[in-house]
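Comments concern the structure below.
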Amino acid sequence: KSPGERAGLKTGDIIKQMDNRLIQSTLDIEGFFLDYFVGDQIKIALIRKGKSISATLQLSEYPVR
């Protein structure tokens with residue numbers, strides 16, 4: 001029930017862009033979230049099995065297990 005799962009992200013997806021920022025490495029993704037808050041919505045462009053897909057991710061606190 002993570003935010004990524006709710007947005008439809010799947011294992012193997014390659015994230016290329018989040019909002020208007022290009023993503024070139026995992027460090028780009030980690031640093032990206034420093035500018036956003038719980039409740040913000042982020043548009044994501046990704047590649048899944050060779051096809052371009054878009055998704056919207058709503059930030060929330062990661063569920064505690």
State all residues of region 48-65 that are open to solvent by 50 Å² or more (accessible area, probe 1.4 Å) and either farther than 14 Å from G4 by Cβ or part of a strand (DSSP E or B) (or both); if no residue qualifies, say none. R48, K49, G50, K51, S52, I53, S54, T56, Q58, V64, R65
Among the residues of region 30-47, the number that are aliphatic (A, V, I, L, M), touching a residue at least 12 places away in the same chain (Cβ under 8 Å) and more than 17 Å from R6 (Cβ to Cβ) is 2
Going through region 15-44 in order, the residues found to be among the aliphatic types (A, V, I, L, M), surrounded by 13 or more Cβ atoms within 10 Å (Cβ to Cβ) and assigned to a helix (DSSP H, G or I) are I29
Would you please list the contacts, defined by Cβ atoms under 7 Å and residues six or more apart or on different chains, that run from a residue in region 5-23 that is under 18 Å from Q58 (Cβ atoms) and modelled with pLDDT under 95 to a residue that is exposed (fewer than 13 other Cβ atoms within 10 Å of the Cβ) and not charged (D, E, K, R)? A7/T56
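The values are calculated or read from the model by the stated rules, or taken from the named source; none is laboratory data. Because the structure is predicted, anything quoted here is derived from the model rather than measured. In this analysis, Cβ positions are derived from the backbone assuming ideal geometry, glycine residues included, and neighbour counts consider all displayed protein chains. SASA here: full protein model, heavy atoms, side chains in, ligands and nucleic acids out. Shrake-Rupley method; radii C 1.70, N 1.55, O 1.52, S 1.80 Å.
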